[in-house]
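Chemist: Have a look at the structure that comes next, please.
The values are calculated or read from the model by the stated rules, or taken from the named source; none is laboratory data. What you see is a predicted model, and the numbers here were worked out from it, not measured in a lab. Here the Cβ positions follow ideal geometry from the backbone for every residue, glycine too, while neighbour counts run over all protein chains shown.
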Amino acid sequence: MSTRRSIHNTSLTDGEIVEQSDMGSITRVTADTFPILKRLSINPGAMRTSHWHANANELTYCLSGTSLVSVLDTGSVFSTFTVGAGEMFHIDSGSLHHIENIGDEVAEFSSPSGASAPRTSVEPRSAR
């Protein structure tokens, strides 16, 4: 069995101990020690353009801020919802979606990928 490290696995024994007592401990793994936990930052009033992932679902955790998420799923059903710090959301592969920061602070997200190299397609902009 190989002991070679990959971007797809890590061990909590390599993480940072953030709290420890006689009862146990809490260990944290961050994008610094587990790079696949990529981060997305969106400034107030800005948005992540409409896009979809052809080969991966998206599971995203909101670290800070408040954002509006809009989704047009593969069944042509449109929905919008807000997410804030501590909340997460899921987008099915192939669903067109965007994230708009509707708050007053930078919105930060962590979104581990559902595929080793997710293909992202961006909705083309209309010619004006």
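Chemist: Could you pull out the residue among Thr74, Thr27 that is over 17 Å from Ala107 (Cβ atoms), touching a Gly at 6+ places or on another chain (Cβ under 8 Å) and exposed (fewer than 14 other Cβ atoms within 10 Å of the Cβ)?
Modeler: The unique qualifying residue is Thr74.
Chemist: Sticking with this structure for a sec: Kindly indicate whether Leu59 is at pLDDT below 90, under 24 Å from Glu105 (Cα atoms) and surrounded by 13 or more Cβ atoms within 10 Å (Cβ to Cβ).
Modeler: So Leu59 passes the test.
Chemist: I've got another one for you. Show the residue pairs meeting these rules: Cβ distance below 6 Å; 6+ apart or different chains; first residue within segment 68-79 and under 24 Å from Asn43 (Cβ atoms) and free of Cβ contacts under 8 Å to residues at least 60 places away in the same chain; second residue part of a strand (DSSP E or B) and small (Gly, Ala, Ser).
Modeler: Sorted first by the residue in segment 68-79, then by its partner, the pairs are Val71/Ser79.
Chemist: How many residues are farther than 12 Å from Glu58 by Cβ, at pLDDT below 95 and surrounded by 12 or more Cβ atoms within 10 Å (Cβ to Cβ) if we restrict to segment 99-118?
Modeler: 1
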